[in-house]
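Shown next, in structure tokens, is the structure this report addresses.
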Amino acid sequence: QVQLVESGGGLVQAGGSLRLTCAPSGRPFSITRMGWYHQAPGKQRELVATISRSGTKNYAEAAKDRFAISRNNAHNRVFLQMNNLKPEDTGVYYCTMDSYAGGTYWGQGIQVTVSS
């Protein structure tokens, strides 16, 4: 059984920064793409950013200038550096990891709250 565990969320004032981390636990698996999604209160889950195993990055328009995704392949970790946070960034952030064998694993999500 594979579980993804997110950490680094919390409460921050507008303009502040947070760094989210996600790591898998349980049965080892080979990972291709990693990513982060955001679900604001009352809204659908939306893509924030993805990163391929080779490091190719893809960002949602709203995240391009303020967020940075990175990964550590040796330790199977994915990070999301979030700068200049805004109240609309509030919500639950989920990490994802795609398996070479097929399928996508999701974390349980971590709360980020940005106060104005």
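The values are calculated or read from the model by the stated rules, or taken from the named source; none is laboratory data. Here the structure is a predicted model, which is why all the values come from computation and not from measurement. Reconstructed Cβ throughout: ideal geometry from the backbone, glycine too, with neighbour counts over all protein chains shown. Just the protein is used for accessible areas: all its heavy atoms, side chains included, with ligands, DNA and RNA removed. Shrake-Rupley method; radii C 1.70, N 1.55, O 1.52, S 1.80 Å.
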Yes or no: R53 loosely packed, with under 14 Cβ neighbours inside 10 Å, of a type in the set (K, R) and within 16 Å of G103 (Cα to Cα)?
no
For region 34-43, name all the residues that are within 20 Å of M82 (Cβ to Cβ) and either open to solvent by 50 Å² or more (accessible area, probe 1.4 Å) or out of contact with any Leu (no Cβ under 9 Å at 6 or more places or on another chain) (or both).
M34, Y37, Q39, A40, P41, K43
Among the numbered conditions (1) within 19 Å of S116 (Cβ to Cβ); (2) surrounded by fewer than 19 Cβ atoms within 10 Å (Cβ to Cβ); (3) of a type outside the set (K, R), tell me where D65 comes up short.
(1)
Take V48 and tell me if it is in contact with a His (Cβ under 9 Å, 6 or more places away or on another chain), surrounded by fewer than 20 Cβ atoms within 10 Å (Cβ to Cβ) and either part of a strand (DSSP E or B) or at pLDDT 95 or above (or both).
no
Would you please name the residue that is most open to solvent (accessible area, probe 1.4 Å), looking only at residues in region 8-30 that are closer than 11 Å to V78 by Cα and touching a residue at least 60 places away in the same chain (Cβ under 8 Å)?
R19
